[in-house]
Amino acid sequence: MGSTVSSQRRTSYSQYTNDFELVVRATKDLEYRLKTEFGAPSGMGIGLEDKIKHVTEHGGLDGNYHLTNQMRRLGYGKNDKIRGNDDRLYPSLHHFECLCWNSEKSLGA
């Protein structure tokens, strides 16, 4: 079953030719999963970093520091993209997609 969800995610990410849209939608997918599967808070002003912090503090990621850091990098990448500093962390759109897929897989997709 995990491979089915993973392939659906890959297909949904690869459909975006606009890197801005990909970055925003991919991080929103992560936020949604953290909220629905791990009980992270939601609401105005509560972003990906807040959700990661909540889940980490409540043991939801079982001390998986690599995953935590990877998801934070995705959040930083999204913020950089929005602010126009998008070349700093990710050399290519493909690199960002790979980090998204790896995060999804590590979350149990």
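The values are calculated or read from the model by the stated rules, or taken from the named source; none is laboratory data. Predicted, not measured: the structure shown is a model, and the values here were computed from it. Ideal geometry is used to build each Cβ from the backbone, glycine not excepted, and the neighbour counts take in all protein chains shown. To get the accessible areas, we keep the full protein, side chains included, count just its heavy atoms, and leave off ligands, DNA and RNA. Shrake-Rupley method; radii C 1.70, N 1.55, O 1.52, S 1.80 Å.
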Subject >> Heavy-atom SASA rank of F38, F96 (probe 1.4 Å, accessible area, largest first) >> reply: F38, F96
**OP:** Could you list the trypsin sites (Lys or Arg not before Pro) in the range 14-93 that lie in coil according to DSSP, counting only those with at most 13 other Cβ atoms within 10 Å of their Cβ?
**Re:** R88
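Applying 1/(1 + (r/R0)^6) with R0 = 41 Å to the Cβ-Cβ distance of E57 and S92, what FRET efficiency is obtained, to the nearest 0.05? Please report the intermediate quantities before stating the final value.
Working: r = 33 Å, r/R0 = 0.80.
With R0 = 41 Å, the Cβ-Cβ based efficiency is 0.80.
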Original post:
Mind listing the phi-derived Karplus ³J(HN,Hα) values for the range 48-55, rounded to whole Hz, using 6.51, -1.76 and 1.60 with θ = phi - 60°, and x for any glycine or proline?
Top reply: 4, 4, 5, 5, 4, 4, 4, 5
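Under 15 Å from the Cβ of K53, count the other residues' Cβ atoms, weight Lys and Arg +1, Asp and Glu -1, and hand me the total. All intermediate terms of the calculation are to be shown ahead of the outcome.
On the way: positive: K35, K51, R72, R73; negative: E31, E49, D50, E57.
Net charge in that neighbourhood comes out at 0.
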Subject >> Projected label distance in nm at I46 and V24, using a 7 Å step from Cα toward the beta-carbon >> reply: 2.2
